[in-house]
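Worksheet: the structure to be examined is printed underneath.
The values are calculated or read from the model by the stated rules, or taken from the named source; none is laboratory data. What you are looking at is a predicted structure, and each value in this text was computed from that prediction instead of being measured. Ideal geometry is used to build each Cβ from the backbone, glycine not excepted, and the neighbour counts take in all protein chains shown. Heavy atoms of the whole protein, side chains included, go into the accessibility calculation; ligands, DNA and RNA do not. Shrake-Rupley method; radii C 1.70, N 1.55, O 1.52, S 1.80 Å.
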Amino acid sequence: MGKTEQHTIKSFDPQPRILMGAGPSSVHERVRHAMSRPTIGHLDPQFEVMVEEMKQQLRLLFGTKNEATFPLSAPGSAGMEMCFVSLIQPGDKVIVCRNGVFGRRMEDMAERCGATVVRVDDDWGATVTPEKVEAALRDNPETRVLAVVHAETSTGVRSDMEAICGIAADYECLTIVDAVTSLAGIPVCMDDWGVDAIFAAAQKCLSGPAGLAPVSFNERAVAAMRSRPNKVQSWFLDLDMMLGYWGADGGRTYHHTPPINNLYGLHEALVMINEEGVENVWRRHEQNSQLLDQGLDLLGLEPLVKGAARLPQITTIKVPGEVDATAVRSFLLHERNIEISAGLGDLAGKVWRVGIMGNSSNADYIQALLSALKLALATDRQVA
Ligand SMILES: *Cc1c(COP(=O)(O)O)cnc(C)c1O
(Lines give C-alpha, C1' and ligand atoms only; values in the text may rest on other atoms or scores of the structure.)
Protein backbone atom coordinates (compact mmCIF):
# COMPACT_ATOMS: atom_id res chain seq x y z
CA MET A 1 0.00 0.00 0.00
CA GLY A 2 1.44 3.33 -1.00
CA LYS A 3 1.41 6.07 1.57
CA THR A 4 0.25 9.51 0.48
CA GLU A 5 3.23 11.87 0.61
CA GLN A 6 2.80 14.72 3.04
CA HIS A 7 2.47 17.76 0.84
CA THR A 8 2.53 21.36 1.93
CA ILE A 9 1.56 24.32 -0.16
CA LYS A 10 1.03 27.74 1.28
CA SER A 11 0.44 31.25 0.00
CA PHE A 12 3.38 32.61 -1.95
CA ASP A 13 4.62 35.96 -0.72
CA PRO A 14 7.94 36.82 -2.36
CA GLN A 15 10.50 39.24 -1.04
CA PRO A 16 10.00 42.31 -3.26
CA ARG A 17 12.91 43.11 -5.60
CA ILE A 18 14.13 46.20 -7.37
CA LEU A 19 13.75 45.01 -10.95
CA MET A 20 16.54 46.40 -13.13
CA GLY A 21 17.11 43.52 -15.49
CA ALA A 22 16.05 42.87 -19.06
CA GLY A 23 12.43 42.37 -17.94
CA PRO A 24 10.12 42.17 -16.16
CA SER A 25 10.34 45.79 -15.08
CA SER A 26 8.77 47.02 -11.86
CA VAL A 27 4.99 46.84 -11.85
CA HIS A 28 3.39 49.89 -10.26
CA GLU A 29 1.07 49.50 -7.31
CA ARG A 30 -1.77 50.94 -9.39
CA VAL A 31 -1.28 48.20 -11.97
CA ARG A 32 -1.19 45.48 -9.30
CA HIS A 33 -4.28 46.95 -7.71
CA ALA A 34 -6.09 46.96 -11.06
CA MET A 35 -5.30 43.25 -11.43
CA SER A 36 -7.04 42.50 -8.14
CA ARG A 37 -10.39 43.89 -9.34
CA PRO A 38 -13.31 41.48 -9.83
CA THR A 39 -12.99 39.05 -12.69
CA ILE A 40 -15.75 39.44 -15.29
CA GLY A 41 -16.43 37.51 -18.48
CA HIS A 42 -14.30 38.37 -21.48
CA LEU A 43 -17.37 38.76 -23.70
CA ASP A 44 -19.03 41.09 -21.18
CA PRO A 45 -19.82 44.49 -22.76
CA GLN A 46 -17.82 46.20 -19.97
CA PHE A 47 -14.77 44.19 -20.91
CA GLU A 48 -15.17 45.23 -24.53
CA VAL A 49 -15.03 48.92 -23.59
CA MET A 50 -11.75 48.34 -21.76
CA VAL A 51 -10.28 46.38 -24.68
CA GLU A 52 -11.18 49.11 -27.17
CA GLU A 53 -9.45 51.74 -25.01
CA MET A 54 -6.42 49.52 -24.79
CA LYS A 55 -6.26 49.01 -28.55
CA GLN A 56 -6.51 52.76 -29.07
CA GLN A 57 -3.63 53.50 -26.69
CA LEU A 58 -1.52 50.73 -28.26
CA ARG A 59 -2.05 52.31 -31.70
CA LEU A 60 -0.76 55.58 -30.30
CA LEU A 61 2.38 53.93 -28.89
CA PHE A 62 3.06 51.91 -32.05
CA GLY A 63 2.52 55.03 -34.18
CA THR A 64 -0.15 53.41 -36.30
CA LYS A 65 -3.76 53.63 -37.40
CA ASN A 66 -3.94 49.87 -38.02
CA GLU A 67 -7.28 48.36 -37.14
CA ALA A 68 -5.53 45.03 -36.46
CA THR A 69 -3.85 46.12 -33.22
CA PHE A 70 -4.45 44.11 -30.05
CA PRO A 71 -2.82 42.55 -26.98
CA LEU A 72 -2.14 38.89 -27.81
CA SER A 73 -2.72 36.57 -24.84
CA ALA A 74 0.86 35.32 -24.68
CA PRO A 75 4.45 36.50 -24.10
CA GLY A 76 6.46 38.55 -26.57
CA SER A 77 7.93 35.46 -28.20
CA ALA A 78 4.44 34.35 -29.19
CA GLY A 79 3.83 37.79 -30.68
CA MET A 80 6.99 37.19 -32.70
CA GLU A 81 5.78 33.75 -33.71
CA MET A 82 2.35 35.07 -34.74
CA CYS A 83 4.04 37.46 -37.19
CA PHE A 84 6.16 34.66 -38.65
CA VAL A 85 3.53 31.95 -38.96
CA SER A 86 0.98 34.37 -40.41
CA LEU A 87 3.21 35.89 -43.09
CA ILE A 88 5.55 33.06 -44.07
CA GLN A 89 4.71 30.03 -46.13
CA PRO A 90 7.02 27.08 -46.71
CA GLY A 91 9.57 27.89 -49.39
CA ASP A 92 9.42 31.68 -48.90
CA LYS A 93 12.67 33.52 -48.81
CA VAL A 94 13.12 35.50 -45.59
CA ILE A 95 15.93 37.88 -44.64
CA VAL A 96 16.72 37.89 -40.93
CA CYS A 97 19.02 40.54 -39.46
CA ARG A 98 21.11 39.09 -36.64
CA ASN A 99 22.99 41.30 -34.18
CA GLY A 100 21.98 39.58 -30.95
CA VAL A 101 19.85 36.93 -29.28
CA PHE A 102 16.50 38.01 -30.67
CA GLY A 103 17.66 38.08 -34.29
CA ARG A 104 18.72 34.47 -33.77
CA ARG A 105 15.34 33.61 -32.29
CA MET A 106 13.63 35.09 -35.35
CA GLU A 107 15.91 33.05 -37.61
CA ASP A 108 14.89 29.88 -35.76
CA MET A 109 11.21 30.74 -36.15
CA ALA A 110 11.57 31.48 -39.86
CA GLU A 111 13.30 28.11 -40.36
CA ARG A 112 10.53 26.34 -38.48
CA CYS A 113 8.02 27.96 -40.88
CA GLY A 114 9.91 26.30 -43.74
CA ALA A 115 11.47 29.52 -45.02
CA THR A 116 14.74 29.75 -46.89
CA VAL A 117 16.62 32.11 -44.59
CA VAL A 118 19.13 34.69 -45.76
CA ARG A 119 21.16 36.07 -42.86
CA VAL A 120 22.39 39.63 -42.50
CA ASP A 121 24.94 39.55 -39.70
CA ASP A 122 26.37 42.33 -37.60
CA ASP A 123 28.48 42.09 -34.47
CA TRP A 124 26.87 41.83 -31.06
CA GLY A 125 26.97 45.42 -29.82
CA ALA A 126 26.75 46.89 -33.34
CA THR A 127 23.66 48.11 -35.19
CA VAL A 128 22.13 46.35 -38.19
CA THR A 129 23.87 47.89 -41.22
CA PRO A 130 21.33 49.18 -43.79
CA GLU A 131 23.89 48.74 -46.61
CA LYS A 132 24.11 45.03 -45.81
CA VAL A 133 20.32 44.77 -45.89
CA GLU A 134 20.31 46.50 -49.27
CA ALA A 135 22.94 44.10 -50.61
CA ALA A 136 21.00 41.07 -49.36
CA LEU A 137 17.85 42.33 -51.09
CA ARG A 138 19.74 43.06 -54.30
CA ASP A 139 21.01 39.48 -54.30
CA ASN A 140 17.58 38.10 -53.33
CA PRO A 141 14.98 40.41 -54.88
CA GLU A 142 12.26 37.76 -54.53
CA THR A 143 12.49 37.95 -50.72
CA ARG A 144 9.03 37.88 -49.18
CA VAL A 145 9.74 39.03 -45.62
CA LEU A 146 12.48 40.97 -43.86
CA ALA A 147 12.71 40.59 -40.07
CA VAL A 148 14.65 42.94 -37.83
CA VAL A 149 14.92 43.84 -34.14
CA HIS A 150 14.45 47.52 -33.32
CA ALA A 151 15.91 47.42 -29.79
CA GLU A 152 18.22 44.42 -29.20
CA THR A 153 17.87 43.72 -25.48
CA SER A 154 20.82 41.32 -25.47
CA THR A 155 23.27 44.08 -26.45
CA GLY A 156 21.56 47.42 -25.76
CA VAL A 157 21.61 48.50 -29.40
CA ARG A 158 19.02 50.40 -31.43
CA SER A 159 18.93 49.94 -35.21
CA ASP A 160 17.52 52.36 -37.78
CA MET A 161 14.08 51.03 -38.67
CA GLU A 162 13.26 53.94 -40.96
CA ALA A 163 16.27 53.20 -43.17
CA ILE A 164 15.92 49.41 -43.11
CA CYS A 165 12.16 49.27 -43.69
CA GLY A 166 12.53 51.92 -46.39
CA ILE A 167 14.93 49.66 -48.28
CA ALA A 168 12.54 46.71 -47.88
CA ALA A 169 9.74 48.83 -49.36
CA ASP A 170 11.84 49.38 -52.50
CA TYR A 171 11.78 45.60 -53.00
CA GLU A 172 8.10 45.22 -52.03
CA CYS A 173 9.20 43.00 -49.23
CA LEU A 174 7.05 42.67 -46.09
CA THR A 175 8.66 43.75 -42.81
CA ILE A 176 8.41 42.24 -39.33
CA VAL A 177 9.81 44.43 -36.54
CA ASP A 178 10.56 43.33 -32.97
CA ALA A 179 9.58 46.31 -30.81
CA VAL A 180 9.50 44.39 -27.53
CA THR A 181 12.04 46.55 -25.74
CA SER A 182 11.51 49.70 -27.77
CA LEU A 183 7.78 50.21 -27.23
CA ALA A 184 7.21 53.07 -24.73
CA GLY A 185 10.97 53.44 -24.20
CA ILE A 186 11.88 55.16 -27.46
CA PRO A 187 9.68 56.36 -30.34
CA VAL A 188 8.12 53.69 -32.54
CA CYS A 189 6.60 54.98 -35.80
CA MET A 190 5.13 51.93 -37.47
CA ASP A 191 3.19 53.73 -40.20
CA ASP A 192 5.87 56.30 -41.03
CA TRP A 193 8.54 53.62 -41.26
CA GLY A 194 6.31 51.36 -43.37
CA VAL A 195 6.38 48.41 -40.95
CA ASP A 196 3.89 45.68 -41.92
CA ALA A 197 3.87 43.59 -38.74
CA ILE A 198 5.12 44.53 -35.29
CA PHE A 199 5.13 42.92 -31.86
CA ALA A 200 5.99 43.95 -28.31
CA ALA A 201 5.54 42.63 -24.76
CA ALA A 202 3.85 44.03 -21.67
CA GLN A 203 6.68 43.53 -19.18
CA LYS A 204 9.37 45.80 -20.60
CA CYS A 205 8.89 49.57 -21.00
CA LEU A 206 5.11 49.30 -20.62
CA SER A 207 5.61 47.95 -17.08
CA GLY A 208 2.54 45.77 -17.34
CA PRO A 209 2.20 42.15 -16.26
CA ALA A 210 4.16 39.59 -18.29
CA GLY A 211 2.25 37.30 -20.62
CA LEU A 212 0.69 39.82 -22.99
CA ALA A 213 2.10 40.77 -26.38
CA PRO A 214 0.76 43.89 -28.10
CA VAL A 215 0.85 43.32 -31.87
CA SER A 216 -0.18 45.30 -34.93
CA PHE A 217 -0.59 44.38 -38.59
CA ASN A 218 -1.25 46.76 -41.45
CA GLU A 219 -3.69 46.07 -44.29
CA ARG A 220 -0.91 44.76 -46.52
CA ALA A 221 0.08 42.19 -43.88
CA VAL A 222 -3.54 41.16 -43.28
CA ALA A 223 -4.11 40.81 -47.04
CA ALA A 224 -0.90 38.77 -47.44
CA MET A 225 -2.03 36.47 -44.65
CA ARG A 226 -5.53 36.12 -46.11
CA SER A 227 -4.26 35.27 -49.58
CA ARG A 228 -2.21 32.29 -48.39
CA PRO A 229 -3.06 29.12 -50.27
CA ASN A 230 -2.60 26.97 -47.16
CA LYS A 231 -3.73 27.31 -43.55
CA VAL A 232 -1.44 28.84 -40.94
CA GLN A 233 0.14 25.82 -39.22
CA SER A 234 -0.57 27.17 -35.72
CA TRP A 235 -4.19 27.12 -34.61
CA PHE A 236 -3.68 29.56 -31.76
CA LEU A 237 -1.52 32.04 -33.64
CA ASP A 238 -3.67 32.19 -36.77
CA LEU A 239 -4.13 35.93 -37.20
CA ASP A 240 -7.31 35.60 -39.24
CA MET A 241 -9.10 33.68 -36.51
CA MET A 242 -7.61 35.93 -33.85
CA LEU A 243 -9.01 39.04 -35.59
CA GLY A 244 -12.49 37.56 -35.29
CA TYR A 245 -11.98 37.68 -31.56
CA TRP A 246 -10.27 41.06 -31.13
CA GLY A 247 -12.32 42.83 -33.81
CA ALA A 248 -14.25 45.96 -32.93
CA ASP A 249 -17.35 45.31 -35.01
CA GLY A 250 -19.40 44.08 -32.07
CA GLY A 251 -19.24 40.58 -33.51
CA ARG A 252 -16.60 39.33 -31.09
CA THR A 253 -16.77 35.58 -30.95
CA TYR A 254 -15.13 33.15 -28.59
CA HIS A 255 -11.69 32.03 -29.71
CA HIS A 256 -9.83 31.53 -26.42
CA THR A 257 -10.11 32.91 -22.88
CA PRO A 258 -7.63 35.74 -22.40
CA PRO A 259 -5.93 36.46 -19.04
CA ILE A 260 -8.70 38.78 -17.93
CA ASN A 261 -7.12 40.31 -14.83
CA ASN A 262 -3.74 40.69 -16.52
CA LEU A 263 -5.51 42.72 -19.18
CA TYR A 264 -6.84 45.02 -16.44
CA GLY A 265 -3.20 45.43 -15.43
CA LEU A 266 -1.97 46.27 -18.91
CA HIS A 267 -4.90 48.66 -19.32
CA GLU A 268 -3.90 50.51 -16.15
CA ALA A 269 -0.26 50.64 -17.25
CA LEU A 270 -1.46 52.24 -20.50
CA VAL A 271 -3.61 54.70 -18.54
CA MET A 272 -0.51 55.72 -16.57
CA ILE A 273 1.52 56.24 -19.75
CA ASN A 274 -1.31 58.34 -21.14
CA GLU A 275 -1.43 60.45 -17.97
CA GLU A 276 2.32 61.10 -18.08
CA GLY A 277 2.25 61.68 -21.84
CA VAL A 278 4.19 59.45 -24.18
CA GLU A 279 6.77 62.13 -25.08
CA ASN A 280 7.45 62.65 -21.37
CA VAL A 281 7.86 58.90 -20.93
CA TRP A 282 10.48 58.80 -23.70
CA ARG A 283 12.22 61.85 -22.18
CA ARG A 284 12.29 60.24 -18.74
CA HIS A 285 14.00 57.16 -20.19
CA GLU A 286 16.58 59.38 -21.89
CA GLN A 287 17.30 61.47 -18.79
CA ASN A 288 17.59 58.50 -16.46
CA SER A 289 19.94 56.81 -18.87
CA GLN A 290 22.21 59.85 -18.65
CA LEU A 291 22.00 59.71 -14.87
CA LEU A 292 23.06 56.06 -14.94
CA ASP A 293 25.91 56.86 -17.32
CA GLN A 294 27.31 59.57 -15.05
CA GLY A 295 27.22 57.21 -12.09
CA LEU A 296 28.87 54.37 -14.01
CA ASP A 297 31.59 56.73 -15.13
CA LEU A 298 32.35 57.62 -11.51
CA LEU A 299 32.65 53.91 -10.73
CA GLY A 300 35.04 53.45 -13.63
CA LEU A 301 32.55 51.29 -15.51
CA GLU A 302 32.06 51.56 -19.24
CA PRO A 303 28.96 50.95 -21.38
CA LEU A 304 29.44 48.55 -24.31
CA VAL A 305 27.42 50.74 -26.69
CA LYS A 306 28.06 54.43 -27.24
CA GLY A 307 26.48 57.22 -29.24
CA ALA A 308 23.20 57.22 -31.11
CA ALA A 309 22.97 53.42 -31.19
CA ARG A 310 22.78 53.29 -27.41
CA LEU A 311 19.34 52.40 -26.01
CA PRO A 312 18.29 54.46 -22.99
CA GLN A 313 16.21 51.65 -21.51
CA ILE A 314 18.83 48.90 -21.44
CA THR A 315 22.50 49.41 -20.72
CA THR A 316 25.13 46.76 -21.27
CA ILE A 317 28.03 47.42 -18.92
CA LYS A 318 31.43 45.90 -19.63
CA VAL A 319 32.54 43.68 -16.76
CA PRO A 320 36.06 44.77 -15.76
CA GLY A 321 38.64 42.05 -16.38
CA GLU A 322 39.37 41.19 -12.75
CA VAL A 323 35.72 41.11 -11.63
CA ASP A 324 33.54 38.00 -11.22
CA ALA A 325 30.35 38.95 -13.13
CA THR A 326 28.17 36.34 -11.44
CA ALA A 327 29.38 37.18 -7.92
CA VAL A 328 28.44 40.83 -8.41
CA ARG A 329 24.96 39.97 -9.66
CA SER A 330 24.50 37.60 -6.78
CA PHE A 331 25.61 40.28 -4.29
CA LEU A 332 23.15 42.77 -5.76
CA LEU A 333 20.26 40.30 -5.52
CA HIS A 334 20.95 38.81 -2.12
CA GLU A 335 22.36 41.82 -0.29
CA ARG A 336 20.43 44.62 -1.95
CA ASN A 337 17.36 42.96 -3.53
CA ILE A 338 18.36 44.35 -6.91
CA GLU A 339 17.96 42.21 -10.00
CA ILE A 340 20.11 42.90 -13.05
CA SER A 341 20.65 40.54 -15.98
CA ALA A 342 23.64 38.57 -17.16
CA GLY A 343 25.15 38.76 -20.62
CA LEU A 344 23.75 36.32 -23.18
CA GLY A 345 25.25 34.43 -26.10
CA ASP A 346 28.41 36.07 -27.43
CA LEU A 347 28.37 38.47 -24.47
CA ALA A 348 27.94 35.87 -21.69
CA GLY A 349 30.25 36.72 -18.77
CA LYS A 350 31.41 39.88 -20.53
CA VAL A 351 28.60 42.30 -19.66
CA TRP A 352 25.87 43.01 -17.19
CA ARG A 353 22.59 44.26 -18.53
CA VAL A 354 20.80 46.95 -16.58
CA GLY A 355 17.23 47.69 -17.57
CA ILE A 356 15.76 51.04 -16.68
CA MET A 357 12.49 50.32 -18.35
CA GLY A 358 9.09 51.84 -17.69
CA ASN A 359 8.40 52.13 -14.00
CA SER A 360 11.98 51.01 -13.27
CA SER A 361 13.29 54.13 -15.00
CA ASN A 362 13.56 56.34 -11.92
CA ALA A 363 16.32 58.14 -10.04
CA ASP A 364 15.81 56.24 -6.77
CA TYR A 365 16.44 52.87 -8.41
CA ILE A 366 19.50 54.21 -10.19
CA GLN A 367 20.98 55.59 -6.96
CA ALA A 368 20.28 52.30 -5.19
CA LEU A 369 21.97 50.37 -7.98
CA LEU A 370 25.01 52.63 -8.16
CA SER A 371 25.69 52.48 -4.44
CA ALA A 372 25.17 48.70 -4.40
CA LEU A 373 27.50 48.28 -7.40
CA LYS A 374 30.14 50.38 -5.68
CA LEU A 375 30.02 48.15 -2.64
CA ALA A 376 29.89 44.94 -4.72
CA LEU A 377 32.96 45.94 -6.72
CA ALA A 378 34.89 46.89 -3.59
CA THR A 379 33.98 43.55 -1.98
CA ASP A 380 34.77 41.60 -5.14
CA ARG A 381 38.17 43.28 -5.52
CA GLN A 382 39.02 42.52 -1.88
CA VAL A 383 38.21 38.82 -2.37
CA ALA A 384 40.13 38.60 -5.65
C1 LIG B 1 12.07 40.08 -24.08
C2 LIG B 1 12.21 40.11 -25.55
C3 LIG B 1 11.53 39.19 -26.38
C4 LIG B 1 10.71 38.04 -25.84
O5 LIG B 1 9.67 38.43 -25.02
P6 LIG B 1 9.07 37.35 -23.97
O7 LIG B 1 7.90 38.07 -23.39
O8 LIG B 1 10.17 37.07 -23.01
O9 LIG B 1 8.69 36.15 -24.76
C10 LIG B 1 11.66 39.34 -27.74
N11 LIG B 1 12.43 40.32 -28.28
C12 LIG B 1 13.10 41.19 -27.52
C13 LIG B 1 13.92 42.26 -28.18
C14 LIG B 1 13.01 41.11 -26.13
O15 LIG B 1 13.69 41.97 -25.38
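In terms of packing, defined here as the mean over residues of other Cβ atoms within 10 angstrom, the peptides 8-18, 207-217, 330-340, 187-197 line up highest first as 207-217, 187-197, 330-340, 8-18.
Name the shape class, rounded, prolate or oblate, that the alpha-carbon gyration tensor gives for the chain, where a ≥ b ≥ c are the square roots of its eigenvalues, rounded holds for a/c under 1.5, and otherwise prolate holds if a/b is larger than b/c and oblate otherwise.
In terms of gyration-tensor shape, oblate.
The helix-based estimate of mean residue ellipticity at 222 nm for the chain, built from -39,500 (n - 2.57) per DSSP H run of four or more residues and divided by its residue count, is -13000 deg cm²/dmol to the nearest 500. A simple charge model with +1 on the Cβ of Lys and Arg, -1 on the Cβ of Asp and Glu and nothing else charged puts the dipole of segment 257-361 at about 200 debye relative to its Cα centre. Applying the criteria of a DSSP loop state and at most 12 other Cβ atoms within 10 Å to the GluC sites (Glu not before Pro) of segment 226-333 yields Glu322.
In loop segments of segment 83-170 as defined by DSSP, the GluC sites (Glu not before Pro) with at most 11 further C-beta atoms inside 10 Å of their C-beta are Glu142. Between the amide H of Gly211 and those of Gly76, Ala202, Gln203, distances stay under 5 Å, these residues lying 5 or more places away or on another chain, with hydrogens modeled in the peptide plane.
The GluC sites (Glu not before Pro) of segment 1-81 that meet both conditions, a loop assignment by DSSP and at most 14 other Cβ atoms within 10 Å of the site Cβ, are Glu5.
Put a plus charge on the Cβ of each Lys and Arg, a minus charge on the Cβ of each Asp and Glu, and nothing anywhere else: the dipole of the chain about its Cα centre is then about 840 debye. With θ taken as phi - 60° and the Karplus curve 6.51 cos²θ - 1.76 cosθ + 1.60 applied, the whole-hertz 3J(HN,Hα) list for segment 314-319 is 9, 10, 8, 9, 5, 7 Hz, x standing for glycine and proline. For the chain, the tally of Lys pairs with Cα-Cα distances below 18 Å comes to 7, considering only residues 8 or more apart or on different chains.
Centre-to-centre, using Cα atoms only, segment 257-283 and segment 182-240 are separated by 17 Å. Its relative contact order, with pairs defined as Cα atoms under 8 Å and 6+ residues apart, puts the chain at 23 percent. Within segment 202-236, whose backbone N sits under 14 Å from a point 7 Å along Cα→Cβ of Lys65? Residues 218-220 qualify, since their backbone N sits under 14 Å from the label point. Once all protein chains are placed together, His7 keeps about 140 Å² accessible to a 1.4 angstrom probe. State whether segment 338-384 is rounded, prolate or oblate according to the following rule on the C-alpha gyration tensor (a ≥ b ≥ c being the square roots of its eigenvalues): a/c under 1.5 gives rounded; otherwise a/b larger than b/c gives prolate, and the remaining case gives oblate. Here segment 338-384 falls in the oblate category. Site pair Asp191 and Glu29 shows an inter-label distance of 3.8 nm when each label is modelled 7 Å from Cα along Cα→Cβ.
What does the C-alpha gyration tensor say about the overall shape of segment 203-329? Classify as rounded when a/c is under 1.5, otherwise prolate if a/b is larger than b/c, or oblate.
Cα axes put segment 203-329 in the prolate bin.
In the context of the full set of protein chains, segment 1-67 has a per residue accessible area of 73 Å² (1.4 Å probe). The length gained by stretching the chain between Lys231 and Asp44 to full extension, at 0.36 nm per residue less their Cα-Cα distance, is 64.3 nm. Shown in residue order for segment 207-223 are the 3J(HN,Hα) couplings computed by the Karplus curve 6.51 cos²θ - 1.76 cosθ + 1.60 at θ = phi - 60°: 6, x, x, 5, x, 10, 10, x, 9, 8, 10, 7, 5, 4, 5, 5, 5 Hz (x for Gly and Pro).
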